[in-house]
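First up is the structure itself, then whatever we jot down about it.
The values are calculated or read from the model by the stated rules, or taken from the named source; none is laboratory data. Model, not experiment: these values are computed from the prediction. Neighbour counts are summed over all protein chains in view; Cβ atoms, including those assigned to glycine, are modelled from backbone coordinates with ideal geometry. Note: areas computed on protein heavy atoms with side chains; ligands, DNA, RNA excluded. Shrake-Rupley method; radii C 1.70, N 1.55, O 1.52, S 1.80 Å.
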Amino acid sequence: MSEKFVEILTIPFIDTNMDEFINQMLYPRMRNQEKTFVVTANPEIVEYANEHQDYKDIITNADYITPDGIGIIMASKWLDQPLQERITGFDLMNELFSIANEQALKVYLLGAEESVIEKAAAKVQQQYPGLNLVGHHHGYIDIEDETLAKSIADLEPDIVLTALGFPRQEKWTSLHYPLFKKGLFIGVGGSFDVLAGKVNRAPVVWQKMRLEWMYRLIQEPSRWKRMLVLPQFVWKVRRIRRKVQRS
Ligand code: UDP
């Protein structure tokens with residue numbers, strides 16, 4: 001199928017919906033045992049990538065960048081190229097758990113604090129008994145260390161979820177990708193914290209009101225500093241919009 005991308009501040013986002021993304025893009029690749037790297041990006045990631053060329057090279061070399069974060073969807077609307085919907089790391093993770101459950105796929109979970117990953121792994125095992133959880137490890141690691149990466153590659157997982165926060169999770173994937181023969185790699189940020197019940201995901205009403213970011217900020221106030229880049233993101237998108245309108 002033909003894939004459509006929309007550029008937001010030079011970062012190409014896949015324009016699709018969850019169903020199409022899973023069934024027509026990811027699943028056929030998994031069936032063919034084609035390696036796939038997915039980045040779920042929010043405005044903070046876009047800003048960071050535009051300030052760090054090494055990180056930008058990593059994410060623009062991924063197979064797909066999906067819009068995680070309402071800021072990306074709003075920016076696409078301002079630029080008159082509306083993206084269909086948010087595809088968040090957390091939702092993607094849950095969709096993949098269901099597929100893995102039905103098809104006994106091998107899953108590896110890497111990231112979060114030791115107590116969190118233990119709880120998250122137990123929960124996955126309990127909720128998805130058909131899924132083959134081949135291993136898990138906390139995320140407080142030296143991302144350059146090859147020993148752990150090799151031991152994961154030896155398990156030949158079909159799905160590797162990394163929750164080390166950005167930019168570490170994408171750097172880990174990019175560094176160790178060549179060690180793997182197959183596998184779908186996705187950075188899922190704080191998703192294991194939600195899975196383990198350490199933090200709650202925003203209720204659907206908050207999500208619908210586009211206030212998921214605020215809900216998160218209330219639960220984890222230390223995130224406020226990261227959000228300082230948001231006005232800058234909006235300003236840059238608006239500036240491009242004005243240019244487009246003038247030309
Ligand atoms: N984390 C980790 N190793 C680190 C730093 C963070 O495993 O060295 C975990 C952290 O415990 C949390 C997740 O990475 O579970 C970061 O979540 P965050 O919401 O900050 O993700 P981001 O939005 O930065 O991608």
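Tell me which residues, restricted to region 159-192, are open to solvent by 30 Å² or more (accessible area, probe 1.4 Å) and either in contact (Cβ under 8 Å) with a residue 60 or more places away in the chain or away from the ligand (no atom under 13 Å from the Cβ) (or both).
Correct list: Phe166, Lys171, Ser174, Leu175, Tyr177, Pro178, Leu179, Lys181, Lys182.
Tell me which residues, restricted to region 23-56, are within 21 Å of Asn94 (Cβ to Cβ), in contact (Cβ under 8 Å) with a residue 24 or more places away in the chain, open to solvent by 10 Å² or more (accessible area, probe 1.4 Å) and part of a helix (DSSP H, G or I).
The answer is Tyr27, Arg29, Met30.
Checking the condition assigned to a helix (DSSP H, G or I), of a type in the set (A, V, I, L, M) and open to solvent by less than 40 Å² (accessible area, probe 1.4 Å), which residue from Ile65, Ile59 passes?
Only one candidate passes the filter, namely Ile59.
Name the pairs: first residue in region 205-230 and open to solvent by 90 Å² or more (accessible area, probe 1.4 Å), second residue more than 12 Å from the ligand (Cβ to nearest atom), Cβ to Cβ under 9 Å, at least 6 apart or on different chains?
Pairs found: Val205/Leu211; Arg210/Ile70; Arg210/Ile73; Arg210/Met74; Trp213/Ile70; Trp213/Gly71; Trp213/Ala202; Trp213/Leu230.
Report whether or not Glu7 is more than 15 Å from the chain's Cα centre (by Cα) and open to solvent by 50 Å² or more (accessible area, probe 1.4 Å).
So Glu7 passes the test.
In region 178-218, which residues are hydrophobic (A, V, I, L, M, F, W, C), under 20 Å from Ile87 (Cβ atoms) and part of a helix (DSSP H, G or I)?
The answer is Phe192, Val194, Leu195, Val204, Trp206, Trp213.
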